[in-house]
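Beneath this line is the structure, given in structure tokens, with notes to follow.
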Amino acid sequence: MTALTDEHGVLDALAHGRYSCRAFRPDPVPREQLEAVFRTAQRAASWCNAQPWQVTVASGETLARLRAALAERMADPAPPQPDLPWPAAYEGVYQQRRRECGLGLYDAVGIARGDREASARQAALNYTMFGAPHVAVITSDAALGVYGAVDCGAYVSQCLLAAHSLGLGSIAQAALAAYPEVLRRVLGLPPERPVVCALSLGWPDPDHPANRFRTRRAALDEAVQWRD
């Protein structure tokens, strides 16, 4: 068997150690460390090296205004209108994994199965960024369509690993893309750039039960097929 490198060992440890942080300490992260996250992510691969991602980071008073605006929008019964369509359906194993993730989180934070009010309160925490002191909103170029969104996904993945390498907590949030009109109004985002997702960043709260559960990954043979 070919020997694995030290570099692979570091990357493997980061990939296995990273998790979606759902409770943050309020302390802001120094700008130098945030820049280090985005500088590393800037090396993400993209179609034709297009690098379609643009990032707007909200902190402090701007983030407080964004939280308030999202809370107001959520009180409006009008349905969300994301720039990119939601999945048409989660079926089969995808629904099973989605359900397993949700139930694992609810069990961790003490929400009984069937308690819709408590689960709704937990879901609403997405729009407070789980208390994170920083949120980065990722937009793409509309003309690049699905390929621009795929490229942004690669960028976000590298952000998550880079943040974990610096001891930061992070979580990718598609939920915030439900209300692009709010993000545009508060953050001044251009209308021609679709919102892909957001990325909340900060120091994790290690004592919060939401940060103690972990999702399972499929075995390699469930995802990879070999044709020799």
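Figures for the structure shown
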quantity: Residue-averaged [θ]222 nm for the chain, counting only DSSP H segments that reach four residues, each worth -39500 (n - 2.57); calculated: -13000 deg cm²/dmol
quantity: Cleavage-rule hits, trypsin sites (Lys or Arg not before Pro), segment 1-91, DSSP coil, Cβ neighbours within 10 Å at most 13; calculated: Arg43
quantity: Assigned charges on the beta-carbon of Lys, Arg, Asp, Glu; the chain dipole about Cα centre (debye); calculated: 380
quantity: Chymotrypsin sites (Phe, Trp or Tyr not before Pro) restricted to DSSP loop in segment 119-228 with at most 15 other C-beta within 10 Å; calculated: Trp226
quantity: Volume per residue of the C-alpha convex hull in the chain, rounded to whole Å³; calculated: 167
quantity: Other-chain or far-sequence residues with amide H under 5 Å of Ala132's (modelled H); calculated: Phe24
quantity: Added length on full extension, which subtracts the Cα-Cα distance from 0.36 nm per residue, Thr128 to Val150; calculated: 5.3 nm
quantity: Histogram of C-alpha separations across segment 105-228, 5 Å bin width, %; calculated: 2, 9, 15, 18, 18, 15, 13, 7, 3, 1, 0
quantity: Between segment 145-187 and segment 54-131, the Cα center-to-center distance that results, in Å; calculated: 14
quantity: Residue range of the chain that is longest and free of GluC sites (Glu not before Pro) which are both DSSP loop and sparsely packed (at most 11 other C-beta within 10 Å); calculated: 92-191
quantity: Protein accessible area in the chain, 1.4 Å probe - carbon and sulfur %; calculated: 54
quantity: Accessible area expressed per residue, segment 71-146, with surrounding protein chains retained (probe 1.4 Å, Å²); calculated: 64
quantity: Dipole in debye (nearest 20) - segment 65-117, about Cα centre, beta carbon charges: Lys, Arg +1; Asp, Glu -1; calculated: 100
quantity: Heavy atoms of Arg185 accessible to a 1.4 Å probe, total area in Å² rounded to 10; calculated: 150
quantity: Cα lying deepest toward the dipole's positive end in segment 102-202, options Thr139, Leu166, Leu103, charges on Cβ; calculated: Leu103
quantity: Approximate shape of segment 28-136 as ellipsoid semi-axes (Cα gyration tensor, √5λ), whole Å, largest first; calculated: 29, 22, 17
quantity: Antiparallel DSSP beta bridges within the chain, percent to nearest 5; calculated: 95
quantity: Net lengthening on full extension, Ala64/Ala174 (0.36 nm per residue, minus Cα-Cα); calculated: 37.7 nm
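The values are calculated or read from the model by the stated rules, or taken from the named source; none is laboratory data. Treat the numbers as computed from the prediction; the structure is a model and nothing was measured. As a convention, Cβ positions derive from the backbone with ideal geometry for all residues, glycine included, and neighbour counts pool all protein chains shown. The area values use the complete protein model at the heavy-atom level, side chains included, leaving out ligands, DNA and RNA. Shrake-Rupley method; radii C 1.70, N 1.55, O 1.52, S 1.80 Å.
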